[in-house]
Amino acid sequence: MSWGHYGKIINLDVILPPWAKGDPREFIRVHREALECDYVSAHLHEWIDLIFGYKQQGPPAVEAVNVFHHLFYEGQVDIYNINDPLKETATIGFINNFGQIPKQLFKKPHPPKRVRSKSNGEAPGGPVTLNSSLDKIFFHHLDNLRPSLTPVKELKEPVGQIVCTDKGILAVEQNKVLVPPAWNKTYAWGYADLSCRLSNYESDKVIRNIQVLLFTHVFSIML
């Protein structure tokens, strides 16, 4: 039970559709599978165009039937400069009840997400079918995972960072990070001499040793 508008009691008991088999977890699972499928990924840019992109305002919005009340748009009304208290209250209530359009972020069509190529030669970004078994995502089919025959990188300490690049997966130990954008250098700290070291990722050869003076040490020397 929940209280709705005008003090009316709303019954929140939900009757699940037959395909959910009476299980709310199955209901959520199927929805998540649909939202995370390749078909949605291939059309995600169309939703971005409507909500955050070029179809939010202007002639493209009219053509896409994506037009709302003028009070819903950012910057269309300044509630602090409304002199009529009744109009101010009505405007605030109108916005609170129906919400506001988010800030427009893109003025041009958003590029589509690159969809993985199918084994039948289908071009990336082309139409995809729901529940396709040709393109399995690893976290949906953990039983298909197999250990790598060769290690990604031999690490002497626990893993501190993993970065996936076009060249492959890179990993470094704790107290060490990979330096973007080339990811071919590492920056490490935590040494006994209080130094930080810039090194080559492949060879671990130190390129630069940076000495760090703590404020307490400097302060004690000044005294």
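The values are calculated or read from the model by the stated rules, or taken from the named source; none is laboratory data. Everything quoted here is computed from the prediction, not taken from an experiment. Neighbour counts are summed over all protein chains in view; Cβ atoms, including those assigned to glycine, are modelled from backbone coordinates with ideal geometry. Heads up: the accessible areas ignore ligands, DNA and RNA and are worked out on the full protein's heavy atoms, side chains in. Shrake-Rupley method; radii C 1.70, N 1.55, O 1.52, S 1.80 Å.
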>> Rolling a 1.4 Å sphere over the protein heavy atoms, what is the accessible area per residue of segment 159-211, to the nearest Å²?
In response: 68 Å²
> Can you run phi through the Karplus equation (6.51, -1.76, 1.60; θ = phi - 60°) for segment 28-34 and list ³J(HN,Hα) in whole Hz, with x for Gly and Pro?
Replying inline: 5, 4, 5, 5, 5, 5, 5
> For V30 and N96, what is the calculated FRET efficiency with R₀ set at 35 Å and r taken between the beta-carbons, to the nearest 0.05?
Replying inline: 0.55
>> Amide H of G160 versus every other amide H placed in the peptide plane: which residues, excluding those fewer than 5 positions away on the same chain, fall under 5 Å?
In response: V172, E173, Q174
>> Rounded to the nearest percent, how much of the accessible area of segment 159-211 (1.4 Å probe, protein heavy atoms only) is carbon and sulfur?
In response: 54 percent
>> How charged is the neighbourhood of K21? Take every other residue with its Cβ under 15 Å from the Cβ of K21, and add Lys/Arg as +1 and Asp/Glu as -1.
In response: -1
> What residues qualify as long-range amide H neighbours of T165, i.e. H under 5 Å apart, gap of 5 or more or another chain, H built at 1.01 Å from N?
Replying inline: L170
> Given a Förster radius of 35 Å and the C-beta distance between V177 and V40 as r, what FRET efficiency does 1/(1 + (r/R0)^6) yield to the nearest 0.05?
Replying inline: 0.55
>> Nothing charged except the Cβ atoms of Lys and Arg (+1) and of Asp and Glu (-1): what's the magnitude of the dipole of segment 159-211 about its Cα centre? Round to the nearest 20 debye.
In response: 120 debye
